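So the structure is just underneath, and the comments pick up after that.
The values are calculated or read from the model by the stated rules, or taken from the named source; none is laboratory data. Since we're looking at a predicted model, the values are computed, not measured. Positions of Cβ are generated from backbone atoms using ideal geometry, with glycine treated the same way; all protein chains shown enter the neighbour counts. Each accessible area value is taken on the protein alone, full model and side chains, heavy atoms only, with ligands, DNA and RNA left out. Shrake-Rupley method; radii C 1.70, N 1.55, O 1.52, S 1.80 Å.
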Amino acid sequence: MGIVTLVILIFLLPYVWFLWTGISNKTGTMETYRWKKPLAALLLLVILSAALNYFYSNAYQLAFFQNGVELMVGLIVAGAFLVILSIINIIVGIVYKNAPKSFHNPKVAWTVSMFLCATILFFIVWVYPLAEKASYITQLESAIATANEQQDGEEITVVFMSSEKQCVRRRTENCNSSDYQNAFFVKNNLDETKQVQVQIRALDYEQNELKSVESKIMTLQAGELKLLETEETSDQESIWSRSSFETEVRTASYQSIYRYRDAN
């Protein structure tokens with residue numbers, strides 16, 4: 001999650017800049033509200049991220065946008081926040097109908113609400129997927145390098161990349177209750193397309209078995225490397241969001257066996 005967290009923090013900087021200039025203007029430490037520079041910084045980040053997305057799409061055959069299910073989730077979450085904030089604004093507007101604008105300004109309240117919901121939607125459908133793509137590409141490149149080192153005449157190479165919780169803040173109750181997502185990759189070192197199936201025995205630090213899982217039958221072209229998919233791998237998530245399987249305890253090592261056959 002280190003790369004994901006870093007990308008999110010980078011995109012948060014213009015918003016912090018907006019907030020700081022607004023507070024400085026409100027308290028009188030800054031005479032004018034200097035919003036142009038943080039806006040330019042945000043637009044620059046959007047342009048650079050679009051270029052990076054285009055590169056990922058061409059170099060790694062990744063979709064430019066999320067799939068329809070993930071996009072719908074983002075719209076639902078942002079819409080839910082908009083409904084809640086709208087109800088609050090309406091109630092507060094009725095209760096403080098005749099209050100001075102210095103105490104309650106309906107126009108400002110609605111503007112802030114719309115801005116907040118737009119920001120939530122932007123981070124869900126653009127920033128977070130970009131961060132996950134960057135993390136996935138890093139894992140993929142590392143898996144390719146590791147597979148090339150490990151193959152040593154093997155027909156099929158299995159690579160264990162990571163076992164981690166998908167949490168930005170680790171010391172939270174929600175994160176403590178979540179499982180570890182394990183990412184394994186499998187590579188076909190043969191010169192022909194093969195159908196491959198792998199059985200993984202995940203082990204903890206004391207070599208106790210955490211889980212034994214069998215992969216789906218995967219078709220791999222000659223020299224191709226893919227994320228190992230099991231029945232736990234969600235088909236509704238984009239490839240960069242998927243994991244091979246989950247365990248309650250972090251996977252420290254593994255044992256594997258594989259079998260393969262001609263694809264035709």
For residue 140, the lone unmet condition from (1) of a type in the set (A, V, I, L, M); (2) buried (at least 18 other Cβ atoms within 10 Å of the Cβ); (3) out of contact with any Cys (no Cβ under 9 Å at 6 or more places or on another chain); (4) without any contact (Cβ under 8 Å) to a residue 60 or more places away in the chain is (4)
Tell me whether segment 165-180 contains one or more residues that are open to solvent by less than 40 Å² (accessible area, probe 1.4 Å) and either modelled with pLDDT of 90 or more or in contact with a Pro (Cβ under 8 Å, 6 or more places away or on another chain) (or both).
no
Please state which one of 254, 205, 180 is touching a Ser or Thr at 6+ places or on another chain (Cβ under 7 Å) and aromatic (Phe, Trp, Tyr).
180
With the first residue restricted to segment 234-263 and required to be touching a residue at least 12 places away in the same chain (Cβ under 8 Å) and not assigned by the TED database to the domain that holds residue 63, and the second required to be open to solvent by less than 40 Å² (accessible area, probe 1.4 Å) and part of a helix (DSSP H, G or I), Cβ contacts under 6 Å at 6 or more apart or on different chains are 240/132; 240/133; 240/136; 241/132
Please work out which residue is farthest from residue 18 (Cα to Cα), limiting yourself to segment 80-109 and to residues that are open to solvent by 50 Å² or more (accessible area, probe 1.4 Å) and polar (S, T, N, Q).
98
Using the structure shown, decide if residue 149 is of a type outside the set (Gly, Ala, Ser), within 30 Å of residue 228 (Cβ to Cβ) and exposed (fewer than 13 other Cβ atoms within 10 Å of the Cβ).
yes
So for segment 208-219 (the condition being open to solvent by 50 Å² or more (accessible area, probe 1.4 Å), among the polar types (S, T, N, Q) and touching a residue at least 60 places away in the same chain (Cβ under 8 Å)), does at least one residue qualify?
no
Quick check on segment 110-137: of everything there that is without any contact (Cβ under 8 Å) to a residue 60 or more places away in the chain and open to solvent by less than 20 Å² (accessible area, probe 1.4 Å), which residue is nearest to the chain's Cα centre (by Cα)?
117
Within segment 60-74, is even one residue open to solvent by 90 Å² or more (accessible area, probe 1.4 Å), over 22 Å from residue 8 (Cβ atoms) and not charged (D, E, K, R)?
yes
Considering each of 47, 23 in turn, give the residue that is at pLDDT 95 or above and loosely packed, with under 15 Cβ neighbours inside 10 Å.
47
